[in-house]
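See structure below.
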Amino acid sequence: MSFLTPNDATIYREELNPRLPRRIFDAHVHIFERDAFPAGFAFPPKNCYQRFGGAFSLSQWRDLVAELLPEQQVSLNCFGTPNAQAMREVAPPADNVTVFAMTLLSPADSAEVVQQRLADGRLIGCKPYVNYAAEHTGKKTGDVEVLDMFSDGQLDLINRLGLAVTLHIPRPGRLADPVNQRQMVELCQRCPRATFIFAHIGRAYFLRNVVGQLDRLAECPNAWLDTAMVNHQEVLKYTFDHFPAERILFGSDAPIAFLRGKSVEINHQYAYLMAEDVRIGSAIYDSEHVIEFTTFFYEQLRALLDTAPPQCLDDILFNNANNLFSRLAASLVAG
């Protein structure tokens, strides 16, 4: 059974394929199989991952991407899903040619353990997450700070090896939070050999959250952004106008991006309008099925194509990520 609807096929044929480059690099994908969890583990019934059978393998990703982007060659950077029960030592399989991968990271992990994981999996970096830091520090999730997400030994390792870090920043204020603003810059300055990729444009899904907040990061040469799950055209346009395009990466947040819906701004907030009754953040379910939705993936590409500088599209959609991750993989082998 085809994943694409006739409407999807029309969007791809008429809107996307004529404007997309032949090569795409998705810098933000969650890949995890059942062996990444203890025996008997299962996501709750309405968890979004249940739409994909409770796991999301590399082969599942390839099958869906082949339907969504049949004329493109697609590479990816991936990591597991930061569930509390996920086994962080299990990382997606990487070939460091078209598939690059990162390890999940808790501040509880010793630097020696992290270094071994990196070597065993030929991984180019790490993906810390808020819930791991909250568990380690005893703080409430909303009180976790950027620097709580790493130990000193981990930061020394990250800088020494020149790793990439994809960081989902904490705190309810997100990119506009003054503590986050200060500590994101401090992180970049403390680890000048590392590359910090602030996911979801610093979780700036609505315009007020991004305006005026990119200037200090733009001055840090090792601060990068990915666009995962952002389909807000004004947010994207502001980002392209105020941050170096050579440090912006397309990311989707698959498999969540393969659900049907669209994020919208509502009174300086954002919500996910959803065709499916699943749990993802501030979801509003179209229970009457009034709207025919396409995927978040297509909505992200639509918005990016309409806002990115045309001369930078190849870089944002492929070259920036491919060059960065290939260079990191080569340097880890050489080192």
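Annotation: for a label point projected 7 angstrom from Cα along Cα→Cβ of HIS289, residues of segment 1-22 with backbone N closer than 17 Å are 2-8. Put a dot 7 Å past the Cα of CYS312, heading toward its Cβ, do the same for VAL113, and the two dots end up 4.0 nm apart.
In plain terms, the chain from GLU186 to GLU14 could stretch by 57.4 nm, reckoned as 0.36 nm per residue minus the Cα-Cα distance. For segment 6-67, dividing the convex hull volume of the Cα atoms by the residue count gives 117 Å³ per residue.
Here is the short version for the chain: CYS48, CYS78, CYS126, CYS191, CYS312 have no other Cys C-beta closer than 4.7 Å. Rounded to whole numbers, the Karplus 3J(HN,Hα) couplings from phi for segment 73-87 are 9, 10, 9, 8, 10, 9, 7, x, 9, x, 5, 4, 9, 5, 8 Hz, using 6.51 cos²θ - 1.76 cosθ + 1.60 with θ = phi - 60°, and x at Gly and Pro. Residues ARG88, ARG190, arranged from fewest to most other Cβ atoms within 10 angstrom of their Cβ, appear as ARG190, ARG88. If you bin all the Cα-Cα distances of the chain at 20 Å, starting from zero, the percentages per bin are 32, 62, 5. Which lysines does LYS139 reach when only Cα atoms under 24 Å apart count, and residues fewer than 8 places away in its own chain are ignored? The reachable lysines, counting only those whose Cα sits under 24 Å from LYS139, are LYS127. Using just its DSSP H runs of length 4 or more, each adding -39500 (n - 2.57), the chain gives a mean residue ellipticity at 222 nm of -9000 deg cm²/dmol after division by all residues.
Under 17 Å from a point 7 Å along the Cα-to-Cβ line of ALA218: which residues of segment 235-269 have their amide N that close? Only 235-249 fall inside the zone, counting backbone N under 17 Å. Rounded, prolate or oblate: which fits segment 200-243, taking a ≥ b ≥ c as square roots of the Cα gyration tensor eigenvalues, rounded meaning a/c under 1.5, else prolate when a/b beats b/c? Verdict is prolate for segment 200-243. Considering only Cα atoms, the convex hull volume of segment 65-205 works out to 123 Å³ per residue. Calculate the tail of P(r) for segment 64-137: the fraction of all Cα-Cα distances greater than 18 Å, expressed in %. Everything past 18 Å amounts to 45 percent. Which of the three applies to segment 125-243, rounded, prolate or oblate, going by the alpha-carbon gyration tensor with a ≥ b ≥ c and a/c under 1.5 meaning rounded? Oblate shape, in that a/c is at least 1.5 and b/c is the bigger or equal ratio.
Treating r as the C-beta distance of ASP35 and GLU67 and R0 as 41 Å, the FRET efficiency rounds to 0.95.
Rounded, prolate or oblate for segment 178-294? Axes are the square roots of the Cα gyration tensor eigenvalues, ordered a ≥ b ≥ c, and the cut-off for rounded is a/c under 1.5. Prolate shape, in that a/c is at least 1.5 and a/b is the bigger ratio. Consider all pairwise Cα distances in segment 167-236 and report the whole-number % of them above 14 Å. Beyond 14 Å sits 54 percent of the P(r) for segment 167-236. For the chain, the longest stretch holding no GluC sites (Glu not before Pro) located in a DSSP loop with at most 11 other Cβ atoms within 10 Å is which? Result, exposed sites excluded: 72-218.
Bridgeable lysines around LYS262 (alpha carbons under 20 Å apart, same-chain partners fewer than 8 residues away excluded): LYS46, LYS237.
Every number in this text was worked out from the coordinates using simple rules, so none of it is lab data. Source: prediction; values computed, not measured. Methodologically, a virtual Cβ is constructed for each residue, glycine included, from the backbone with ideal geometry; neighbour enumeration extends over all protein chains shown.
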